[in-house]
Amino acid sequence: MLKNKIVFFRMIILMLTIIWMCAIFFFSSRPADVSTEDSHAIGMAIGAFIVPEFENLSAEEQLAFAEKVDYPVRKTAHATEYAILGLLMIFTCMT
């Protein structure tokens, strides 16, 4: 019984790892303009969260902020994607 649970757990972890690899491939294969729009949307959300009265700024100022934080947003996203993949790979190899 315990052996069946271990095999099931291994299969789940392996499937999650493969699904995450596919997600990374999907995000990497998207056109640059779509990726930029997503990054700017995240930048706007960050601005709304941490900048006082961000919604009172003009659209140009909001976009300028989003463009300013675009590079850190992208690098953080890449680091997070691969950190999750690394953890999944560790779990896959350890089971």
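We did not get these values from a lab; they are worked out from the coordinates using the rules stated. Because the structure is a prediction, the values reported are computed rather than measured. Methodologically, a virtual Cβ is constructed for each residue, glycine included, from the backbone with ideal geometry; neighbour enumeration extends over all protein chains shown.
How far is helix 70-94 tilted, in degrees, relative to the longest principal axis of the Cα atoms in the chain, given as a value from 0 to 90 rounded to the nearest 10? So the inclination is approximately 10 degrees.
Along the axis of the charge dipole computed for the chain (Cβ charges of +1 for Lys and Arg, -1 for Asp and Glu, origin at the Cα centre), the listed residues PHE91, ALA66, ALA32 are led at the positive end by PHE91.
Entry note, the chain: the mean residue ellipticity at 222 nm calculated from DSSP H runs of n ≥ 4, each adding -39500 (n - 2.57), is -29500 deg cm²/dmol after division by the residues and rounding to the nearest 500.
Mind checking which of MET21, MET44, MET11 has the largest fluctuation in a GNM of the chain, springs on alpha carbons under 10 Å? The residue with the greatest mean-square fluctuation here is MET11. In the list [x] 102; [y] 112; [z] 173, the label attached to volume of the Cα convex hull per residue in Å³ as derived from the coordinates here is [y]. Using Cα atoms only, what is the angle between the long axis of helix 2-28 and the major principal axis of the chain, expressed in degrees (0 to 90) to the nearest 10? That works out to roughly 30 degrees.
The magnitude of the dipole of the chain, with charges of +1 and -1 set on the Cβ of Lys/Arg and Asp/Glu and taken from the Cα centre, is near 1040 debye. Between the helical axis of 32-50 and the longest alpha-carbon principal axis of the chain there is an angle of about 70 degrees.
Look at LYS68, LYS3 and count the other Cβ atoms within 10 Å of each Cβ; fewest to most, that gives LYS3, LYS68.
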